[in-house]
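Below is one structure, written out as C-alpha cells, with a few remarks after it.
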Amino acid sequence: MSDLSQTLREQVLDAREHQQPVSIQGNNTKGFLGNSGATPILDTSAHSGILHYEPTELVLTARAGTLLSDITQCLDEHQQMLAFEPPGFGDKATLGGTIACNLSGPRRPYAGAARDFVLGCCIINGQGQVLKFGGEVMKNVAGYDVSRLMTGAMGTLGILLDISIKVVPKPPMELTIRKEVDNEQALQVMSRWRQRPMPVSAACHDGNHLYFRLSGSESALKSAQNKMGGDRVDNGEDFWERLREHKHAFFDINKPLWRLSLPANTPLFNLDGKQFIDWGGAQRWLVSSMDADKIRALTYKAGGHASLYRRMDSEVETFHPLPEAMLPIHQRIKQAFDPDNIFNPGRMYKTI
Amino acid sequence: MQKSIDKNKLILLLTPILDSDALLHEEEDLRPYECDGLSAYRRLPLLVTLPINIEQVQAIVRLCHEHRIPVIARGAGTGLSGGALPREDAVLISLARLNKILDIDRDQCLATVQPGVRNLAISEAVAAYGLYYAPDPSSQIACSIGGNVAENSGGVHCLKYGLTVHNISQIRMVTIEGDLLTIGSHGLDSPGYDLLALMTGSEGMLGIIVEITVKLLPIPERAQVILAAFDDVERAGHAVGRIIADGIIPAGLEMMDNPAIRAAEDFVHAGYPVDAAAILLCELDGTNEEVSEQIMHVNKLMKDCGAVQIKTASDEAQRQQLWKGRKAAFPAVGRIAPDYYCMDGTIPRKQLPWVLKSIANLSQEYGLAVANVFHAGDGNLHPLILYDANKSGELEKTEEFGGKILELCIEAGGTITGEHGVGMEKINQMCIQFKDDELQQFHAVKYAFDPHNLLNPGKAVPTLHRCAEFGAMHVHKGQLPHPELERF
C-alpha cells in the first residue's frame with residue numbers, strides 16, 4: 001500500500017542514462033505472454049493500493065500493483081464488479097498486468113474488454129515523465145485516448161502507475177444452461193441468440209456441450225431459459241471461472257495452446273488438435289502441435305489472428321505478426337513514448 | 001518549411017483526380033463550408049474537394065502531402081467544437097459523397113459503411129433485422145458516422161451502451177502519405193497497439209477515416225421512461241446516485257433544470273411540470289420482465305428521494321412525447337434567446353450541486369442567462385449560455401463565461417469535453433487540463449502519424465507557445481504557468 005512513483009521514476013531515469021532496457025514486472029503471473037526479456041526487472045508490485053472508489057460514480061482508481069483479488073473483494077462489498085471479468089492466471093495477478101495485457105474473460109463479447117473500461121491512467125514514459133491521461137469520468141474526449149493505447153501495449157510504451165476503471169453493478173442473478181450439440185450447431189445457436197435481445201453474458205462450447213450464462217433479474221432469466229431451452233447447470237459459476245483461469249480439463253494437455261481471435265461466426269476450419277469455442281465464437285482455444293505458421297496463415301485467412309499462450313518452442317512469437325503496412329506506425333508510436341527503447345523491448349514483437 | 005504552390009497550380013493538379021463538380025474553388029462555392037456546427041468561428045478554405053471513393057481520397061492526400069498543403073476532413077459539418085473549421089491554406093476534404101452502406105452482416109451484428117453515412121441511417125437500415133446502432137448524438141438525423149468516429153461521439157444512451165469507441169469494430173483510414181490502413185477487425189480484437197481507440201476521437205489529426213464497421217445491438221424487447229420532478233436540484237442529483245447504487249443502469253438518465261424545462265415545454269408541450277426545479281428522465285430497457293421490475297423499483301426510489309411528481313409513460317406515444325422535450329431542448333432554448341452557446345464538460349456526478357451553483361454565480365456576474373441540460377447518468381453537463389451576437393462584445397463575454405465553466409469542470413475533477421471534442425473551441429482550456437509534458441506527449445503521438453503537421457493542423461492540442469500566451473492572461477493560484485518559456 002505505498003506510492004512508489006518517485007522510485008520508479010528514478011529507476012527509469014537511471015535506465016535511460018545507462019541505456020539499459022528493463023522488463024516491467026508486477027507479480028509475473030503473465031510471464032508466459034510475449035517474448036521473454038533478458039534485461040533487469042523493474043518491479044512495480046509494491047506500488048499498490050486502491051486510491052479512490054466511489055460506488056455511485058461507478059469508478060475505481062488503483063495503483064498498478066494492486067492485486068485483482070483485492071479489487072474484486074472491495075467491489076463485492078458494494079455488489080459491484082469488473083465487467084470484463086479478467087482472468088488472473090494466478091492468485092497474485094495485479095491490475096497493472098491485467099491492463100497491460102488487455103485480458104478479459106467470458107463476459108467480454110457481451111460487456112466489453114478491459115480496454116472498454118479504462119477511463120484514465122497515470123504513466124511514466126520513456127523520458128521518465130509522469131503523465132496523466134483521461135480521468136475518472138465516463139465521458140472524456142480531451143486529447144488522444146492514450147489510456148486505451150496503453151491497454152494491451154504489454155508495457156512497451158510506459159509504466160502504468162495508476163489506473164481508473166469503470167465498474168458496474170453485479171447482476172441480481174446468474175444461471176448457466178447447457179445443451180448437447182456439435183460445434184457447428186453451437187456456432188449457429190450462438191449467432192441466433194446474438195441477434196435477439198436476450199440476457200446472455202457468456203457463451204461457449206467445450207466440444208460436446210453448448211453453455212450459456214444468463215444474467216439479470218430472476219423473472220428475466222426464467223423467461224429466457226424457457227425460450228432457449230437446455231438444462232440448468234448447478235455449479236455454473238465454478239464452470240466459468242475454470243474456463244477463465246484455464247483450469248478446465250481442456251487446458252490440461254502438454255501441447256502448445258493457441259488463442260484464435262476470429263469473427264464470431266467463422267465456420268470451423270481444418271486445424272489439427274482440439275478446440276474450445278468461447279466468446280460466442282469470437283475466441284477459440286486450440287491445443288495443437290500443428291506448425292505455427294500454418295495455424296497463423298489459416299486463421300489470418302479467416303479474418304482473425306492467433307496468439308501462442310503456451311509454447312514449446314521459444315522461437316515462435318506469442319503474438320500474430322503485424323501486417324507489413326502496420327509495422328512502421330507501431331515503431332513510430334513506440335518511438336513517441338519510449339525514444340530510447342527502455343521498456344520491454346521485444347516483449348510484444350521482436351521488432352518493437 | 002512548407003513547399004507551397006499557388007492555388008491555380010493546385011487546381012490544375014487536382015482536376016484530373018476528381019469529377020468536374022467535385023472541386024470547388026470559387027468563393028461563392030466555398031462559402032457553405034466556412035464553418036461547422038460552431039458557427040461563431042468562420043474561415044474560408046483554400047479549396048473544397050468532394051471525393052466519391054477511397055482512391056480519390058488517397059490521390060488528394062498524396063498530392064497535398066507532396067506539396068506540404070494541409071488537409072482538413074469534414075463529415076456532415078455538425079460538430080460543435082470547430083473541429084472541421086477550414087483554413088485559408090488548407091484543402092477541405094468533404095466525405096459527404098462517401099455515403100453508402102456497404103454491407104450488413106446480420107449474423108455477426110456488424111455493418112460496414114462509408115464515413116458520410118448518417119448516424120440514424122444505420123439504425124434505419126438494420127431495423128428490419130431487429131438491430132440498431134447504439135450511440136445516438138442528438139444530431140443523429142444529420143451527423144455522419146465518420147464524424148462520430150473522429151469525435152468519439154456520445155449521446156443519451158452512453159451510460160449503458162458506451163461511446164463510439166465501444167461500438168465500432170474496424171476502420172479503414174488513409175494516412176497522410178496516402179496509404180490505406182485497416183485498423184481493428186471483424187473479430188473482437190486485433191494484434192498490436194489499440195490504434196482503433198487511438199483513432200477514435202482523434203479529431204482528424206492522425207488520418208482520414210474512409211470506412212467504418214460498426215457493431216449492432218438487438219433492439220431491446222421493451223423500453224419505458226419515467227419522469228420525476230423535484231423542487232430542488234440537489235435532490236434530483238441525489239436520486240441519480242441512488243438509482244445507480246441500487247444496481248440499476250438505466251438506458252438513459254437525463255436531467256434538465258428549470259429554465260431548460262420551461263423552454264422545452266413552451267416549444268413542444270411534452271407535459272413537463274414548469275414549476276419544478278429539475279426533472280429527471282429515466283429510461284429503462286431490457287426484457288419485458290426486467291423493465292417491469294425496474295420501473296417499480298425506480299418509482300419507489302424517486303419517491304424516497306423526494307420527487308414531487310412522477311409520471312410513467314403509459315404507451316410508446318407518451319414515451320416519445322416525454323423524450324421530445326429533452327431532444328428538442330437545444331432548439332427550444334434557441335427560441336428564447338437570439339443565440340445560445342452550448343458547453344460540454346463532464347464532472348463527477350456528486351459535484352453537480354457545487355458546479356450548478358457556481359455556474360449560477362457566474363451567470364449573474366456576466367449578466368447572461370443559462371439553461372442546463374445534463375446527461376446525469378454519466379456526468380456530462382451541457383450548460384447553454386443565452387446571448388445576443390448582435391450586441392457588441394456579447395459573444396466575447398459569452399466565450400469567456402464558457403471558458404470559466406470548463407475550468408469549473410476541471411476543478412471539480414472532470415474534463416473540458418465529454419463528447420463534443422476540443423477542436424478550435426476548447427484549445428485554450430487544454431492548457432489548463434494538461435501539463436506541458438502531457439501536451440508534448442500528444443504532439444509526439446501526432447508526429448508519429450503526421451510528421452509535417454498537415455492533418456487538421458492547429459486543432460485539438462495546443463502548442464506550448466499558445467498555452468504560454470493564454471497563461472499570461474490567466475495566472476492560476478498566483479503562479480505563472482510555463483515559467484520555462486521566455487516572455488517578452
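Please find, among B:140, B:170, the residue that is over 29 Å from residue B:69 (Cβ atoms) and part of a strand (DSSP E or B).
Values: B:140 fails: part of a strand (DSSP E or B).
Being over 29 Å from residue B:69 (Cβ atoms) and part of a strand (DSSP E or B) holds for just one of B:140, B:170, which is B:170.
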Scanning segment B:162-184 residue by residue, those more than 10 Å from chain A (Cβ to nearest Cβ) and at positive phi turn out to be B:178, B:184
The strands (runs of 3 or more DSSP E) lying entirely within segment A:221-323 that contain at least 1 residues which are within 30 Å of residue B:215 (Cα to Cα) and within 14 Å of chain B (Cβ to nearest Cβ) are A:257-261, A:274-278, A:283-287, A:305-310
Among the residues of segment A:30-48, write down those that are in contact (Cβ under 8 Å) with a residue 60 or more places away in the chain, in a loop (DSSP other than H, G, I, E, B) and at negative phi.
A:30, A:32, A:33, A:35, A:36, A:37, A:39, A:44
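Search segment B:316-339 for residues being outside any helix (DSSP H, G or I) and at pLDDT 90 or above, and hand back the single one that is nearest to residue B:272 (Cα to Cα).
B:337
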Taking segment B:83-119 and keeping only residues that are within 14 Å of chain A (Cβ to nearest Cβ), touching a residue at least 12 places away in the same chain (Cβ under 8 Å), not polar (S, T, N, Q) and not in a strand (DSSP E or B), one is left with B:83, B:106, B:109
If the requirement is being more than 13 Å from chain A (Cβ to nearest Cβ), assigned to a loop (DSSP other than H, G, I, E, B) and either touching a residue at least 12 places away in the same chain (Cβ under 8 Å) or touching a strand residue (DSSP E or B) at 6+ places or on another chain (Cβ under 7 Å) (or both), which of these qualifies: B:403, B:413, B:458, B:421?
B:458
Of all the residues that make up segment A:119-144, how many are surrounded by 22 or more Cβ atoms within 10 Å (Cβ to Cβ), more than 7 Å from every other protein chain (Cβ to nearest Cβ) and part of a loop (DSSP other than H, G, I, E, B)?
1
With respect to the numbered conditions (1) assigned to a strand (DSSP E or B); (2) within 12 Å of chain A (Cβ to nearest Cβ), which one is the sole condition not fulfilled by residue B:126?
(1)
Would you be able to tell me the number of residues in segment A:324-342 that are crowded, with 18+ Cβ neighbours inside 10 Å and away from chain B (no Cβ under 13 Å)?
1
Just one of the numbered conditions (1) in a loop (DSSP other than H, G, I, E, B); (2) in contact (Cβ under 8 Å) with a residue 60 or more places away in the chain; (3) surrounded by fewer than 20 Cβ atoms within 10 Å (Cβ to Cβ) is not true of residue A:16; which one?
(1)
Of the candidates A:62, A:83, the one satisfying the condition of being surrounded by 21 or more Cβ atoms within 10 Å (Cβ to Cβ), not acidic (Asp, Glu) and not in a loop (DSSP other than H, G, I, E, B) is A:62
Across segment A:157-181, the tally of residues that are assigned to a loop (DSSP other than H, G, I, E, B) and touching a Gly at 6+ places or on another chain (Cβ under 9 Å) stands at 5
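Only one residue in B:364, B:351 is in a helix (DSSP H, G or I), outside the structural domain of residue B:137 (by TED's automatic domain parsing) and buried (at least 20 other Cβ atoms within 10 Å of the Cβ). Which one?
On inspection, the qualifying residue turns out to be B:351.
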Hits in segment A:147-166 (condition: over 16 Å from residue A:319 (Cβ atoms) and more than 7 Å from chain B (Cβ to nearest Cβ))
A:147, A:150, A:158, A:159, A:160, A:161, A:162, A:163, A:164, A:165, A:166
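Hey, among the residues in segment B:42-58 that are assigned to a helix (DSSP H, G or I) and out of contact with any Gly (no Cβ under 8 Å at 6 or more places or on another chain), which one's nearest to residue B:87 (Cα to Cα)?
Checked segment B:42-58; the qualifying residue nearest to residue B:87 (Cα to Cα) is B:57.
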Looking at B:268, B:274, which one is closer than 30 Å to residue B:404 by Cβ and either among the charged types (D, E, K, R) or touching a helix residue (DSSP H, G or I) at 6+ places or on another chain (Cβ under 7 Å) (or both)?
B:274
Residue in segment B:143-161 that is farthest from the other protein chains (Cβ to nearest Cβ), counting only those that are in contact with a strand residue (DSSP E or B) (Cβ under 8 Å, 6 or more places away or on another chain) and outside any helix (DSSP H, G or I)
B:144
For segment B:373-400, how many residues meet the condition of being assigned to a strand (DSSP E or B), of a type in the set (A, V, I, L, M) and either touching a residue at least 60 places away in the same chain (Cβ under 8 Å) or in the same structural domain as residue B:235 (by TED's automatic domain parsing) (or both)?
2
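Every residue in segment B:408-441 that is acidic (Asp, Glu), farther than 17 Å from residue B:466 by Cα and out of contact with any Pro (no Cβ under 9 Å at 6 or more places or on another chain), please.
B:411
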Within segment A:44-87, residues under 12 Å from residue A:161 (Cα atoms) and touching a Gly at 6+ places or on another chain (Cβ under 9 Å) come out as A:44, A:45, A:46, A:47, A:48, A:49, A:61, A:62, A:63, A:64, A:65, A:66
With respect to the numbered conditions (1) touching an Asp or Glu at 6+ places or on another chain (Cβ under 8 Å); (2) touching a residue at least 40 places away in the same chain (Cβ under 8 Å); (3) in the same structural domain as residue A:25 (by TED's automatic domain parsing); (4) farther than 23 Å from residue A:49 by Cα, which one is the sole condition not fulfilled by residue A:110?
(1)
Here are B:223, B:197: which of them is in contact with an Asp or Glu (Cβ under 8 Å, 6 or more places away or on another chain), part of a strand (DSSP E or B) and either over 25 Å from residue A:55 (Cα atoms) or at the interface with chain A (Cβ under 9 Å from one of its Cβ atoms) (or both)?
B:223
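The values are calculated or read from the model by the stated rules, or taken from the named source; none is laboratory data. Here the structure is a predicted model, which means the values were calculated and not measured. Please note: Cβ atoms are built from the backbone with ideal geometry, for glycine as well, and neighbour counts cover all protein chains shown.
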